[in-house]
Amino acid sequence: MKIKIYKQGYGIQARLEIGPFANLLDDYAQYLLKIGYPESYLKKVFRVLLRFSDWVGLKHIPLKDLGQDRIEEFWQYHGAIRRHCDFKVLGNFIQFLRDRKLIPCKPVPKIICPIEKQLFSFEKYLREERGLSSIYVYQQVRTARFFLQATNEIVGRNWNKYNAQIIGDYLNQLLKEKGSGEVRDAAIRLMQFFKYLFLKGKTKVDLSRAVPRPANWRQTKLPIYIGPDKVQKLLDSCDRSTFMGARDYAVLMILSRLGLRACEVKNLTLEDLHWREGSITVRGKGKESKMPLPKDVGEALAKYIKNSRPKTPSRSVFVSKYPPYHGFRLSVSVSGIVKFALQRAQIKSSHQGAYLLRHTLANECLKSGATLGEVGKLLRHEQYSTTTIYAKVDLKRLSQAARPWIGGAR
């Protein structure tokens, strides 16, 4: 019985049915649905595979000859799908064919585009020669990837075409979209990337000195927060009848009621929830502490785990959207939940990460009469100076500390 899901309404049915993979596509669609991918994902998959199918048919390549060399040839030929996500889509299909021994199964390196090849070398340099931690390596490579993707049309593969003007224009554009702190971090990472290019002889000039570093003075900005009515709008924007909505609602409840950091939410495991005690174990920044679990937060977690959380061997409380289901690998996944909730609720904020709700909780506590010391304990600050940033938003107490204006005395 053939499955028609991937063909309905996509305008690719005729070309797929005459291609070299015509007898395999139904099995592949069944396979993707079986392991948990949604039907909406199939549209993207078969759009990518259509190009591959057309090329293989055009070249008259039998499946038994479809080795890694021919796959690499296609990758170089078809520049239209040289995005990281499309490489992953095609890579999964190639592995599907190899598992069924329909194409050569010899161990081969992963298929990667020219940009990814350079980034792979950069990552290897950071790990092996500099001995940096995994998270630092990830941040460095991620920043370099965004930069190369944004400037690839200008310089192509000629690294020597980079100059101070291109670098400055990129950071200026980034500054319009991000905060000065994030841009400053990106500039520092780009300096390391250009040092690597110079050391490896890929550029004739050390362009690390051409990377501008925007000023980012400490304690010069007010904490960004939103009102309790907007927090409720964020929560209401989650469709709790779906897996994603129930998960996101539970995450937003934890962030807004307990003030956890994104990394602390990412690290939560099922063993960290102590239902009988009514407490939760929080782990982050190398420390572990136990906090009370409010009733409304506990109810949101319980409903998500009992009714919506997919069956998976992972012990992480919050798992990925698509199979194979696993815990969040990066803290940015938690901040992304806040960002998308802000978009759904049509709430504008210059800060769109998990810290927005952490700042909001601190501000509400101060308005309710809590001291800075109490807020510091709630947020688990190691140093009191970290908490003093919230003194700037406690306008009631600041007004009491303000000295009378000398110009008013007569």
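The values are calculated or read from the model by the stated rules, or taken from the named source; none is laboratory data. None of these values were measured; they are calculated from a predicted model. As a convention, Cβ positions derive from the backbone with ideal geometry for all residues, glycine included, and neighbour counts pool all protein chains shown.
For the reader, a short list of remarks on this structure follows.
- Members of the range 334-355 found to be part of a helix (DSSP H, G or I) and within 13 Å of Ile254 (Cα to Cα), listed by number: Val334, Ser335, Ile337, Val338, Tyr355
- Among (1) farther than 25 Å from Leu356 by Cβ; (2) assigned to a helix (DSSP H, G or I) - the single one Lys311 does not satisfy: (2)
- Residue in the range 173-195 that is among the hydroxyl-bearing types (Ser, Thr, Tyr) and modelled with pLDDT of 80 or more present: no
- Any chance Gly91 is in the same structural domain as Ala22 (by TED's automatic domain parsing), of a type outside the set (Phe, Trp, Tyr), assigned to a helix (DSSP H, G or I) and in contact (Cβ under 8 Å) with a residue 12 or more places away in the chain: yes
- Any chance Leu378 is at pLDDT 90 or above and out of contact with any strand residue (DSSP E or B) (no Cβ under 7 Å at 6 or more places or on another chain): no
- The set of residues from the range 36-84 being modelled with pLDDT under 75 and under 28 Å from Ala144 (Cβ atoms) comprises Trp75, Gln76, Tyr77, His78, Gly79, Ala80, Ile81, Arg82, Arg83, His84.
- Of everything in the range 316-329 that is farther than 23 Å from Arg257 by Cβ and either surrounded by fewer than 15 Cβ atoms within 10 Å (Cβ to Cβ) or touching a residue at least 24 places away in the same chain (Cβ under 8 Å) (or both), the residue that is nearest to the chain's Cα centre (by Cα) is Arg329.
- Remark: Ser399 matches the filter, which requires a residue to be at pLDDT below 80 and surrounded by fewer than 11 Cβ atoms within 10 Å (Cβ to Cβ).
- Count of the range 272-331 residues which are within 25 Å of Arg380 (Cβ to Cβ) and basic (Lys, Arg): 8
- Residues located in the range 24-44, provided they are surrounded by fewer than 19 Cβ atoms within 10 Å (Cβ to Cβ), assigned to a helix (DSSP H, G or I) and touching a helix residue (DSSP H, G or I) at 6+ places or on another chain (Cβ under 9 Å): Asp27, Tyr31, Leu33, Glu39, Tyr41, Lys44
- With respect to the conditions (1) in contact with a helix residue (DSSP H, G or I) (Cβ under 8 Å, 6 or more places away or on another chain); (2) surrounded by 15 or more Cβ atoms within 10 Å (Cβ to Cβ); (3) modelled with pLDDT of 85 or more, Leu102 lacks only one, and its number is (2).
- Meets criteria (closer than 30 Å to Leu174 by Cβ, part of a loop (DSSP other than H, G, I, E, B) and modelled with pLDDT under 85) for Tyr322: yes
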